[in-house]
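Below you'll find the structure, written out as structure tokens, and then a few comments.
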Amino acid sequence: MRCVLDVLKYIRCSKTDFGCYNVTEPPIDAPRDPLYKTEREIMKVFLTKHYRNRRANDSEFVLDFEEIYVIDSKSKSITRAKVLVTVPGGRTRDRRNDLLIIRDGGNSFKIIDKAQRDDPTTVIEREEWVKTRQDMEKHLSKLRDFSVSNWF
């Protein structure tokens with residue numbers, strides 16, 4: 001793969017296959033059946049750099065989440081991501097407590113403090129609630145003669 005990074009331009013990249021990884025998942029139709037393996041393709045790669053050019057074995061090594069580049073295999077491009085920083089302290093803050101949140105399939109990035117971290121179950125419930133409700137409405141609409149149910 002031969003790509004050149006330029007902050008100001010949209011760049012084409014010839015690499016389309018970043019590889020695959022195996023995922024073991026439970027079956028959807030029959031919950032008691034054994035787990036099965038699925039092969040998933042890697043669609044995006046996120047590049048970050050280390051803050052102040054520290055080495056990995058340095059005691060002050062930390063990644064700089066403010067500058068992220070996204071290599072996308074579908075659009076064959078490299079773009080600089082827009083990162084929302086909500087941590088107080090500005091550029092002189094202690095970056096060891098930074099936590100990067102990636103949402104919307106790698107389209108939105110946000111930096112928060114580790115103390116504001118949510119429980120994984122809470123995050124999944126918040127993200128999946130709208131889709132789950134729409135699916136349930138679609139299913140229930142087949143069984144009734146009115147359009148929308150009352151949710152308590």
Margin query: So, in region 16-65, how many residues would count as being part of a strand (DSSP E or B) and among the hydroxyl-bearing types (Ser, Thr, Tyr)?
Written below: 5
Notebook entry, point to check: Taking region 92-114 as the region of interest, how many residues are within 18 Å of Arg52 (Cβ to Cβ), in contact (Cβ under 8 Å) with a residue 12 or more places away in the chain and either of a type in the set (Phe, Trp, Tyr) or open to solvent by 30 Å² or more (accessible area, probe 1.4 Å) (or both)?
Noted result: 3
Check: Mind checking whether some residue in region 23-38 is open to solvent by 100 Å² or more (accessible area, probe 1.4 Å), within 29 Å of Lys110 (Cα to Cα) and not small (Gly, Ala, Ser)?
Finding: no
Check: Would you call Lys44 touching a strand residue (DSSP E or B) at 6+ places or on another chain (Cβ under 9 Å) and open to solvent by 90 Å² or more (accessible area, probe 1.4 Å)?
Finding: no
Note to self: For a quick check of your reading of the model, give me the residue pairs whose first member lies in region 75-91 and is part of a loop (DSSP other than H, G, I, E, B), whose second is open to solvent by 100 Å² or more (accessible area, probe 1.4 Å) and modelled with pLDDT under 85, with beta-carbon atoms closer than 7 Å and at least 6 apart or on different chains.
What the structure shows: Lys76/Arg12
Notebook entry, point to check: Given the residues Thr92, Thr122, Thr86, which is the only one that is over 29 Å from Ile42 (Cβ atoms) and of a type in the set (Val, Ile, Thr)?
Noted result: Thr92
Notebook entry, point to check: Arg133: in a helix (DSSP H, G or I) and open to solvent by 80 Å² or more (accessible area, probe 1.4 Å), yes or no?
Noted result: yes
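The values are calculated or read from the model by the stated rules, or taken from the named source; none is laboratory data. Nothing here was measured: the structure is a model prediction, and the numbers come from that model. Don't worry about glycine lacking a Cβ; one is built from the backbone with ideal geometry, like all the others, and counts go over all protein chains shown. When the accessible area is computed, the model is the full protein with side chains, heavy atoms only, and any ligands, DNA or RNA have been set aside. Shrake-Rupley method; radii C 1.70, N 1.55, O 1.52, S 1.80 Å.
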